[in-house]
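Trainee: Questions regarding the structure given below will be posed in turn.
Read the figures in this text as sums done on the coordinates, not as results from a lab. All figures in this text were calculated on a predicted structure; none of them were measured in a lab. Quick reminder, even Gly has a Cβ in these numbers, built from the backbone with ideal geometry, and neighbours come from all protein chains shown.
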Amino acid sequence: MDERELEAAKAFHGHLGPFLVLGLRLGKFALSALRARKHFGIKVTVHCPPQPPPSCMVDGLQVSTGATYGKRNIELIPSDEIVVRFVNTDTNEHLTLRVPESAKEQMATWLRELGEEEASRRVLETENLFEVVEGAHS
Ligand SMILES: [Zn+2]
């Protein structure tokens, strides 16, 4: 993740936060794993709590995958769990990523105790914040 991408996400979303950065990371991972075309070759279904801060991840996903609310290729389905499903619409390959409850709680704790900027840094640097549940691509 370079600084430019973080700045672009912050400019779009209005502030930097751990869930925004989480969305960036998931989207980048999926785009590359599926070798999908940014903007038009990907569909994203986000299952997450439907209010900030967790829902801030939807904006990170929009910036990183280019799937947008206006193009109707990203949608939010309210859920207590965080699970994101990606489809490469050219090949029909798909990938499902899950953020374990423990990681979700960790991010909320960082946000509370360290503030937005530092919590965002932690999310950038920490391994294993999410796992591949299933995917056609191996
Ligand atoms: Zn936010």
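Trainee: If I fit a long axis through the Cα atoms of helix 18-34 and take the longest principal axis of the Cα atoms of the chain, what angle between them do I get, 0 to 90°, rounded to 10?
Mentor: 20
Trainee: Right, here's the next one. For the chain, with a Gaussian network of springs between Cα atoms less than 10 Å apart, report the residue from Glu93, Glu125, Glu75 with the top mean-square fluctuation.
Mentor: Glu125
Trainee: Also, I was wondering about something else. Given Cβ point charges of +1 (Lys, Arg) and -1 (Asp, Glu) and nothing else, what value in debye, to the nearest 20, does the dipole of the stretch 66-128 about its Cα centre take? Please report the intermediate quantities before stating the final value.
Mentor: Numbers: 8 positive and 13 negative charges, 53 e Å.
It works out to roughly 260 debye.
Trainee: Here's a follow-up. Considering Cα pairs under 8 angstrom that are at least six residues apart, work out the relative contact order of the chain and quote it in whole percent.
Mentor: Working: 253 pairs, mean separation 38.5, N = 138.
Across the chain, relative contact order equals 28 percent.
Trainee: If R₀ is 30 angstrom, what is the calculated FRET efficiency for the pair Asn128 and His15, using the beta carbon separation as r and rounding to 0.05? Spell out each step's value before the answer.
Mentor: On the way: r = 25 Å, r/R0 = 0.85.
Working from the Cβ atoms, E equals 0.75.
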